[in-house]
2 protein chains.
Amino acid sequence: MYKVFGMSASGNCYKVKLLLEQLQAQYRWEEMDILKGATRTPEFLGINPNGRVPTLEIKPGQYLPESNAILCYLADGTAFWPSERFERAETLQWMFFEQYSHEPYIAIARFICKFLPADHPRRADLPRLRERGYQALAVMEQQLARRSFFVNGAYSIADIALFAYTHVAVDGGFDLERFPAINAWIERVRAQPRFVKMA
Amino acid sequence: MYKVFGMSASGNCYKVKLLLEQLQAQYRWEEMDILKGATRTPEFLGINPNGRVPTLEIKPGQYLPESNAILCYLADGTAFWPSERFERAETLQWMFFEQYSHEPYIAIARFICKFLPADHPRRADLPRLRERGYQALAVMEQQLARRSFFVNGAYSIADIALFAYTHVAVDGGFDLERFPAINAWIERVRAQPRFVKMA
């Protein structure tokens, strides 16, 4: 049985939970409180030297970090990751976009707003994070104005990866009302079989 | 024939060039001067709405952005991307690590030092970038102390992805002498068949 080292409030961890539920896979969830240093213990650094969650235990001694690599592992051979060569690469394209051009702005803005004190100096970063985050949302809007899901019109791990922090972007001060295609896509994702909400 | 929209001084673009050479694939290179706005023209934004290079033209009208997604596309079905399920995911794990925990610090420090004026305000970011960059290098060192290449001891696109900015980290003020396993790995990558240098 899989074991997920994860923090329920993290979008990166929610991605893994959502896919496991949609695959009807069996797993145990080990809740890790990042803010209390759970990912910095010698024990956990032995599991993932980069000290991050989610990390998937496939079996004792076999561990896989990086949320989007975990999605690829779990989705391999299923309808959640297309088997056609170019569509596979397009799925990865959106997942790398998510980790490079989206998450560092939209997830970090949410973290600052939701988890740090109101007078924390990192609030000074918010204008720049929002500018870059809105750029990412505009790229998504353009794609979703033409397609119902990111790759070839079919729900995939690219949608799961991008849904995680997009649907809670309001927590970081983003106004999603500007993006009608994104809003319609969020509703399509929510309507997928075995969809579960983020904690 | 493939066409690569790329900037020769960019490590992300160099990844694609190195793999294409090692695959002995035919391609044309279209040099794009990012600093002069070549990725912000309406024409290029029609090709890649995120306005970034490298972007691969597979055939006219079929484009793939994101350096690491391009590596996966090109390496699919070759020895550069393992076919075993867990090894495939481990390869992706290191490629997501590269884009999230490595490139934003090591490549950006290099960009600031090499391409911006000596009195540019972004130089104030360098201490933080170096702290995070050294954390990424320490994670790599730990893996390379145990293995000759990142995944299962065989040269793969994970090595190409991480080599690109690691071997020029000195440009961003990083001291690689602290990392003997990384230095030995750099020499092993350089010794691969059909290796080509970065411009």
Legend entry - Subset of the range A:72-85 that is in a helix (DSSP H, G or I) and at the interface with another protein chain (Cβ under 7 Å from one of its Cβ atoms) - its residue that is surrounded by the fewest Cβ atoms within 10 Å (Cβ to Cβ): A:R85
Inset, instruction - Return yes or no: is A:P121 free of Cβ contacts under 8 Å to residues at least 60 places away in the same chain and within 13 Å of the chain's Cα centre (by Cα)? - result: no
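Tell me, which residue of the range B:146-195 that is assigned to a helix (DSSP H, G or I) and in contact with a Cys (Cβ under 9 Å, 6 or more places away or on another chain) is nearest to B:F96 (Cα to Cα)?
Step one: of the range B:146-195, the residues assigned to a helix (DSSP H, G or I) are B:157-166, B:169-172, B:176-178, B:180-190.
Okay, now just the ones that are also in contact with a Cys (Cβ under 9 Å, 6 or more places away or on another chain), so B:157, B:164, B:171-172.
Details: B:I157: 12, B:A164: 14, B:D171: 23, B:G172: 21 Å.
Of everything passing the filter in the range B:146-195, B:I157 is nearest to B:F96 (Cα to Cα).
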Inset, instruction - Name, by its number, the condition in (1) surrounded by fewer than 21 Cβ atoms within 10 Å (Cβ to Cβ); (2) touching a helix residue (DSSP H, G or I) at 6+ places or on another chain (Cβ under 9 Å); (3) at pLDDT 95 or above that does not hold for B:V151. - result: (1)
Inset, instruction - All but one of (1) touching a residue at least 40 places away in the same chain (Cβ under 8 Å); (2) closer than 28 Å to A:I157 by Cα hold for B:L144, so report the exception by its number. - result: (2)
Inset, instruction - Determine if the range B:86-97 includes at least one residue that is touching a residue at least 12 places away in the same chain (Cβ under 8 Å), of a type in the set (K, R) and either assigned to a helix (DSSP H, G or I) or away from chain A (no Cβ under 12 Å) (or both). - result: no
Inset, instruction - Hey, can you tell me all the residues within the range A:154-199 that are of a type in the set (K, R) and surrounded by fewer than 13 Cβ atoms within 10 Å (Cβ to Cβ)? - result: A:R178, A:R190, A:R194, A:K197
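State whether one or more residues within the range A:116-136 are hydroxyl-bearing (S, T, Y), assigned to a loop (DSSP other than H, G, I, E, B) and surrounded by fewer than 20 Cβ atoms within 10 Å (Cβ to Cβ). Spell out the reasoning first.
Going residue by residue through the range A:116-136, those that are hydroxyl-bearing (S, T, Y) are A:134.
Filter again for assigned to a loop (DSSP other than H, G, I, E, B), leaving none.
No: the range A:116-136 contains no residue that is hydroxyl-bearing (S, T, Y), assigned to a loop (DSSP other than H, G, I, E, B) and surrounded by fewer than 20 Cβ atoms within 10 Å (Cβ to Cβ).
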Inset, instruction - Please list, ordered by first then second residue, the pairs with beta carbon atoms under 6 Å, 6 or more apart or interchain, first in the range A:47-71 and more than 9 Å from chain B (Cβ to nearest Cβ), second part of a loop (DSSP other than H, G, I, E, B). - result: A:V53/A:M7; A:V53/A:M32; A:T55/A:N48
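The values are calculated or read from the model by the stated rules, or taken from the named source; none is laboratory data. Keep in mind it's a predicted model, so treat the numbers as computed, not measured. Cβ coordinates were reconstructed from backbone atoms using ideal geometry, including for glycine residues, and neighbour counts include every protein chain displayed.
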